[in-house]
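The values are calculated or read from the model by the stated rules, or taken from the named source; none is laboratory data. What you see is a predicted model, and the numbers here were worked out from it, not measured in a lab. We place every Cβ from the backbone using ideal geometry, glycine too, and count neighbours over all the protein chains shown. Areas reflect the complete protein model, heavy atoms only, side chains present, ligands, DNA and RNA absent. Shrake-Rupley method; radii C 1.70, N 1.55, O 1.52, S 1.80 Å.
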Amino acid sequence: SENTGGAGGFNAGMARVLAGEGLSAEFEAPDFVWLVDSDARVSRRSLRELVKALIKHKNLCAAGSALVDIATGTCYEIGGNMDPRTGFFVPAARGDCDRRKIIKCDYLAACSALVRREAIEKTGLMPDIFIHGDDVEWFLQMTRKTGKKVAGVVASRAGHPLWNRKFQTWVRYYTTR
């Protein structure tokens, strides 16, 4: 009934999954939860590669897609790191990388990220930051609370508009209000 931002939408869905809502008696709770932005473009292969990464790498609590600019086809982010000198968020990798690789990183964008259900249970839902960085903060908390890592999966591609080609969230938020 109200706009609670990206975290609000993801939190509503995750809360339903964790509560077992919508599951019939013959289905168990899922092992993984796939977070996908409404403006992301994904394929079956996107999901398949994320699942393969989490099955193969038990030390990962989440795996994220390589983000590709829809307009140019350029890969602009494969996971992200926090620059310890400035506190700014920077891509862990970008461009053409070996598709067999996974990229260790500090956080993932929720544009396309597959998360172990147990990691969500240990971490809780996303913080209500709303404007920017809710997914960043959540994944940073997740790695601390689970003791596991996150990684970008080069072979999993997700089309997503490049952030500087569309209005930034805070501009849309304040303008519409």
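Mind running the shape call on the chain? Use the C-alpha gyration tensor, a ≥ b ≥ c as the square roots of the eigenvalues: rounded below 1.5 for a/c, prolate if a/b tops b/c, oblate otherwise.
Because its axes are fairly even, with a/c under 1.5, the chain counts as rounded.
Given a Förster radius of 45 Å and the C-beta distance between ARG16 and ARG85 as r, what FRET efficiency does 1/(1 + (r/R0)^6) yield to the nearest 0.05?
0.65
Please give, to one decimal in nm, the separation of the simple spin-label points placed at ARG44 and ALA29, each 7 Å out from Cα toward the Cβ.
It is 2.9 nm.
Could you give the DSSP H helices of the chain that reach 24 angstrom or more along their long axis (alpha carbon positions) and whose average Kyte-Doolittle hydropathy is no lower than 0.5?
Result, helices passing both filters: zero.
What's the magnitude of the charge dipole for the chain around its Cα centre, counting Lys and Arg as +1 and Asp and Glu as -1 at the beta-carbon? Answer in Debye, nearest 20.
In debye, rounded to 20, the chain gives about 660.
Take the chain, connect every pair of alpha-carbon atoms lying under 10 Å apart with a spring to form a Gaussian network, then pick out the residue of ASP37, ASP83, ASP106 with the largest mean-square fluctuation.
For the chain, modelled as a Gaussian network with Cα springs under 10 Å, the answer is ASP83.
Is the shape of segment 12-59 rounded, prolate or oblate, going by the alpha carbon gyration tensor and its root eigenvalues a ≥ b ≥ c, with a/c under 1.5 for rounded and a/b larger than b/c for prolate?
Oblate shape, in that a/c is at least 1.5 and b/c is the bigger or equal ratio.
Counting only DSSP beta bridges with both residues in the chain, tell me the antiparallel percent, nearest 5.
Restricted to the chain, the bridges split so that about 70 percent are antiparallel.
For a quick check, take a GNM of the chain with Cα springs below 10 Å and name the residue from GLY79, GLY147, GLY124 with the largest mean-square fluctuation.
The residue that fluctuates most here is GLY147.
Rounded, prolate or oblate: which one fits segment 1-95, using the alpha carbon gyration tensor with axes a ≥ b ≥ c (rounded when a/c is under 1.5, else prolate when a/b beats b/c, else oblate)?
Prolate.
Go through segment 150-158 residue by residue and turn each phi into a ³J(HN,Hα) via Karplus (6.51, -1.76, 1.60, θ = phi - 60°); whole Hz please, and just put x for glycine and proline.
Ordered by residue, 3J(HN,Hα) equals 10, 8, x, 10, 4, 6, 8, 10, 9 Hz.
Where is the GNM fluctuation largest for the chain (alpha-carbon springs, 10 angstrom cutoff): LYS104, LYS56, LYS145?
LYS56
At 1.4 Å probe size, what's the solvent-accessible area of TYR76? Round to the nearest 10 Å².
Near enough 30 Å² of accessible area.
Output the pairs from LYS56/LYS122; LYS52/LYS149; LYS122/LYS145; LYS58/LYS149; LYS101/LYS122; LYS58/LYS148 with a Cα-Cα distance over 18 Å in this structure; if there are none, say none.
LYS56/LYS122; LYS101/LYS122
For the chain, which whole percent of the accessible surface, found with a 1.4 angstrom probe, sits on carbon and sulfur atoms?
Of all accessible area on the chain, carbon and sulfur atoms account for 53 percent.
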